[in-house]
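I have placed the structure first, in the form of structure tokens, so that the comments after it can refer back to it.
Nothing in this text is a laboratory measurement; each read-out follows from the coordinates by a stated rule. The structure presented is a predicted model; accordingly, all values stated were derived computationally and were not measured. Every residue, glycine among them, receives a Cβ derived from its backbone with ideal geometry; neighbour counts consider all protein chains shown.
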Amino acid sequence: MKLRYGVDERPGLGATLLYGLQWLMICIPVVLTSTFIAPAGEVVCFTQKLFAAMGVTMIVQALWGHRLPLVAGPAAVLLMGVVASASQGHAPQSIYPAMIVGGAIITLLALSGLLRHLLPIFTPRIVVAIVVLISFTMSKPIVGMIFSDTAHQGTALLFALLCVGAMAVANNLLRGIWKSMVVIVAMILGALIYYCFTGFPTQLATDTATPTLLLKDMSLDAGVVLAFCFCYIALLINEVGSVQALGDMVEAPDMAGRQKRGMVITGIVNMLCGATGIPGAVDYSLSPGVVASTSCASRYTIIPAAVAMIILSLCPPAVAFLLTIPTPVMGTVLLYLMATQVAAGLHMMQESKASATFMDALILAIPIMFTVIMSFAPQSAIAAIPSLLRPIVGNSFVMGIIIILLLEHVLLRKKR
């Protein structure tokens, strides 16, 4: 494609700041829609750490890692892992150390060169299934967010229906920078409209617990670690896909080196995030759309946005103000984002012909249905499973991955 600025070109200061502002408008909702897993009484500090970690990640990746303009944010698959583990009674002290282990594995795979031998396992059908499974697994926490205000559940439902429809229409009609700002505009306008019906807040969010930078009293649980290893399979595919998609689009040289450096930094960042008690980062696949709309692929334009996120993380009142966006609005935006992910999976399925036959489609359908059922399985059924296997079986996403791997490579394997 014809680009105004290539990957390694530096626009003027004014242009860089304007492009950076656009990237910032995309980065903010990516972080805010991940705060629903914050520990009670620590939402402001938790959000500060997220902004700081994602800002630092984007700077390091743009300058020394994959060297591409990619938005980094908390990995949705890790959010699911936290939700699933917490629902089984596991404390953050045993959840986030599993991310340290997962990040270390990713780093070692990238440094050792074993990554290229593992990727062939993930056929197009498995990749499609993983993309779709992430969205379906998020359905339960999204339901909890949308209907969190028990006094206005009817209003929340009507708002969700209208807002998602409006966002879809806006995404279809708008072009350029406005198309990229649909989510942030929806969050701002949605909050104002929602509060017009339910009443505006009288005070900002505050932490009741003592803020901590590092997680204390960490412990390893074998079942939780194994469950998160499967989550990191999806993170690995996400990272490779995001870097490759944008790299191919802008014809960046030395993609093998970019992939390796980017994956090493992703692994190290996930280890550091686990140590601080927040979900690890991954590069988001929405960046090619931004580059296409602006015709600017310069990696330097994402630096101002990353610096702004770090500055924002140092201002608790500013973070608290952003957190005044009501939870039902956050849930609605997250619903839309997960719908776009399902759409991406279905598009991939068509392009790769991952469901050319009925049996191909069945391989995709069984893990998806099983994931939905497991997401809403009663806790009494999960509690009856041995404690070592409970974090794995109780995590619907992990079970979905295990099932698709067994169906694709063992039970319904096609003759090569």
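Placing unit charges on the Cβ atoms of the charged side chains and taking the dipole of the chain about its Cα centre, the candidate lying farthest along the positive direction among Phe376, Val329, Val60 is Val60.
Projected onto their three principal axes, the Cα atoms of the range 90-215 cover extents of 56, 45, 28 Å, largest first. With helices as the sole contributors, the chain gives -22000 deg cm²/dmol at 222 nm; each DSSP H run of n ≥ 4 counts as -39500 (n - 2.57), and the sum is divided by every residue. When the chain is treated as a Gaussian network with alpha carbon springs shorter than 10 Å, the biggest mean-square fluctuation among Ala98, Ala52, Ala75 belongs to Ala52. Which distance in Å, rounded to a whole number, links the C-alpha centroids of the range 48-64 and the range 180-217? So the two Cα centres are separated by 22 Å. In this simple spin-label approximation, Ser219 and Thr324 carry label points 7 Å from Cα along the Cα→Cβ vector, and these lie 4.1 nm apart. Take the Cα of Tyr195, go 7 Å toward its beta carbon, and the backbone nitrogen atoms of the range 317-350 under 20 Å from that spot belong to 317-334.
Net charge near Ile363: determine it from the other residues with C-beta under 11 Å of the C-beta of Ile363, scoring Lys and Arg +1 and Asp and Glu -1.
So the surrounding residues net to +1.
Could you tell me the calculated FRET efficiency between Ala91 and Ser295, based on Cβ-Cβ distance and R0 = 35 angstrom, to the nearest 0.05? Before the final figure, lay out each step's value.
Values: r = 48 Å, r/R0 = 1.37.
Computed FRET efficiency for Ala91 and Ser295 comes out at 0.15.
Rounded to the nearest 20 debye, the dipole magnitude of the range 1-118 is 300 debye, with +1 charges on Lys and Arg beta carbons, -1 on Asp and Glu beta carbons, and the Cα centre as origin.
Shown here: Kirkwood radius over Cα pairs in Å, derived from the displayed model; of the candidates (i) 21.9; (ii) 22.9; (iii) 24.0, it corresponds to (i).
Multiplying the residue separation of Ala365 and Leu118 by 0.36 nm and removing their Cα-Cα distance gives an extension gain of 86.5 nm.
Determine the sum of side-chain charges near Ala38: Lys and Arg each +1, Asp and Glu each -1, restricted to other residues whose C-beta is under 13 angstrom from that of Ala38.
On the way: positive: Lys49; negative: Glu42, Asp207.
That works out to -1.
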